[in-house]
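Q: Pasting a structure below so you can have a look.
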Amino acid sequence: MIACLSEPVPKPDDLLLSDGGFHLVVPVLLLSLLVVAPLAWLTRQRYRRWVMRLMSLDQKAEAPAALREAAAAAPPAAWAPTDGAAGTLAHTLAQGERRVWLATLAAWAVFGGMGLWVAGLGGPVTQGQRLAFAAAAALLALGPLMTQLPDRGARQAHRTGAVAALLALLLLWWMDAQSPSVPATGAAGDDDPTVTEGVLIAASLALGYWAMFDRRLRGQVQPLVVLVSVAALAVLLPYGWLEQHAGSCLARVDQAAEAGRQLPMNLMTVAMMSLGAVAVWLGFRAVAGLVWLIEQRHLSESALGGALCLALLAVTLVYQRAPEEAEALRSAHLLAAPLWLAASFGAQWLALAGLPGRRRGDGPGPRLLVLRVFSADPRKHALLDSVQARWRFVGPVLQIGGPDLVAMNVDPYEASMYLSARMHRLFLPTVVGGAALQAQLDARPCRDGRHRIHEVFCFNTAWRQSVEQLMLDADAIVLDVRGLNAQREGTSYEIGRLAVRGLLPRVVAVGDADTDWPHVDDMLRRHGGDPARLPRIGDARDGSVDDLLDRLIAAASAPGIPHTMREVLPAQ
């Protein structure tokens, strides 16, 4: 037996877990937000450059075996319109949005109600303090839960959540000021740990709150929060446990390192590097778990941000009510946050299961294909974002992946693939048939009724045939030609293929003052299409979302074009 193990460990005040593991978890989670927000911005920039680089590649080697096997598979079922399909789809859309509104309201009410119980974990409180804490919890949860709402509600989440958070902080400040358990002290100095802790918590929550809600960052922030938090805890908690059980041995190593003895220091470095490698692996496994939940349709990426925010809020609020001494902690303090979250999301899932509007069976919904002029202008993304967010209640959304969609559609799956240096696996190197392409696209809805948004990433040698195959498989197509001119060769090619394939009745074109409509008409005539058959919406604004959706639903429900998959011949 190692002799140092029999020696007494250092004083509790010198240990990492001097206040217990519970008091370490919350600061680590909040610190992860400070790290993740700037890291997500850097990741976003590098992600865009990496996607552009892969899109410019040409396939030279043979297609992967997985693609060849998928090409031989039977094609999945396609959606077929019936009599009155347009009215049915419009009803399904309205019912699905109402279902999510009511289920989210149930989760919010339970979260606020559970705050009445959590308020008493810190000791005796008055009825007014209990109500103030529950109201603060409900206000803090308002913004995160609004991100799960359909388009109109989600767009107000940032603004409403910020105002609600300020009101919640005022209520918590009043509650603390009324608490008789806080002894009067002198003026807090710069080194006061309570001031430092308060500033850290406020800065972390504010930065994390902004990053979680920001439309351009949250796709990267969410998996990074999970990755960094799990990795940090996987390093610190084992190290804290070792301190408590082998603190004398670790002290000997530190003393030897300070004395200039290289062997112990090298052993310590190797041990910490090994622990760090395991921690990073565990972080990626946690992200993979999120991906699995999304792939299995238990959780949509629309609900993920709200779930993570609520988890951080629950842990932080319980931490705020927990006693500072580790000895005073009870099992209720340790179980409060999991029970709080389980009750809130349990109410939401029960509401989702019981309310009408959930699609039964595994039948597919109508597919919407989004064709657009690549643009980095966020104002042009707003309309497409609204359309795809609402169409998801009736069917999946398809689009060719590109660097412009990094602000709209980067989900935890794509972000985790990029972070693990496997983004190239999402790219089609060469053209594949309809069965192979559709086999990669899940047409079934998630638990909350939303279908997936599928970005099809392609090498330069595959995008033309792939987008044509998506055209043939789509039931409705929105053609965003805002800012289109003759120099936009990609969108011009797509317009030509729509005309050649006779798909104009499925299309609704969206333009603005910068759209070169004569060029659009010329491309249609050049490829045998009739410009008069292309439905158009000019000078598109947010108010035209309903009109655009109505036209797309009508196009998907039209019986004039067979809704069966046709194959695109490989390029010669």
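The values are calculated or read from the model by the stated rules, or taken from the named source; none is laboratory data. Here the structure is a predicted model, which is why all the values come from computation and not from measurement. Here Cβ is always computed from backbone atoms with ideal geometry, including for glycine, and neighbour counts include all displayed protein chains.
Q: Output the number of the condition that residue 28 fails; it satisfies all remaining conditions of (1) exposed (fewer than 15 other Cβ atoms within 10 Å of the Cβ); (2) modelled with pLDDT under 80.
A: Result: residue 28 passes all but (1).
Q: Checking the structure you have, find out if any residue of region 500-512 is touching a Ser or Thr at 6+ places or on another chain (Cβ under 8 Å), surrounded by fewer than 20 Cβ atoms within 10 Å (Cβ to Cβ) and within 30 Å of residue 150 (Cβ to Cβ).
A: Scanning region 500-512 turns up no residue that is touching a Ser or Thr at 6+ places or on another chain (Cβ under 8 Å), surrounded by fewer than 20 Cβ atoms within 10 Å (Cβ to Cβ) and within 30 Å of residue 150 (Cβ to Cβ).
Q: If you check 293, 310, which single one turns out to be without any contact (Cβ under 8 Å) to a residue 12 or more places away in the chain, assigned by TED's automatic domain parsing to the domain that holds residue 164 and closer than 22 Å to residue 229 by Cβ? Even if it seems obvious, please write down each step before you answer.
A: Working: 310 fails: without any contact (Cβ under 8 Å) to a residue 12 or more places away in the chain.
Just one listed residue meets the conditions, 293.
Q: Could you tell me which of the residues 507, 397, 478 is within 21 Å of residue 89 (Cα to Cα) and either hydroxyl-bearing (Ser, Thr, Tyr) or in contact with a Phe, Trp or Tyr (Cβ under 7 Å, 6 or more places away or on another chain) (or both)? First the steps, then the outcome.
A: Numbers: 507 fails: either hydroxyl-bearing (Ser, Thr, Tyr) or in contact with a Phe, Trp or Tyr (Cβ under 7 Å, 6 or more places away or on another chain) (or both); 478 fails: either hydroxyl-bearing (Ser, Thr, Tyr) or in contact with a Phe, Trp or Tyr (Cβ under 7 Å, 6 or more places away or on another chain) (or both).
When all the criteria are applied, what remains is 397.
Q: Being surrounded by fewer than 21 Cβ atoms within 10 Å (Cβ to Cβ), touching a residue at least 24 places away in the same chain (Cβ under 8 Å) and not aliphatic (A, V, I, L, M) is true for just one of 483, 529. Which residue is that?
A: Values: 529 fails: surrounded by fewer than 21 Cβ atoms within 10 Å (Cβ to Cβ).
Sole residue among the options that is surrounded by fewer than 21 Cβ atoms within 10 Å (Cβ to Cβ), touching a residue at least 24 places away in the same chain (Cβ under 8 Å) and not aliphatic (A, V, I, L, M): 483.
Q: Within region 62-78, does at least one residue satisfy the condition of being surrounded by fewer than 18 Cβ atoms within 10 Å (Cβ to Cβ), under 31 Å from the mean Cα position of the chain (by Cα), at pLDDT 65 or above and not charged (D, E, K, R)?
A: There is at least one residue in region 62-78 that is surrounded by fewer than 18 Cβ atoms within 10 Å (Cβ to Cβ), under 31 Å from the mean Cα position of the chain (by Cα), at pLDDT 65 or above and not charged (D, E, K, R).
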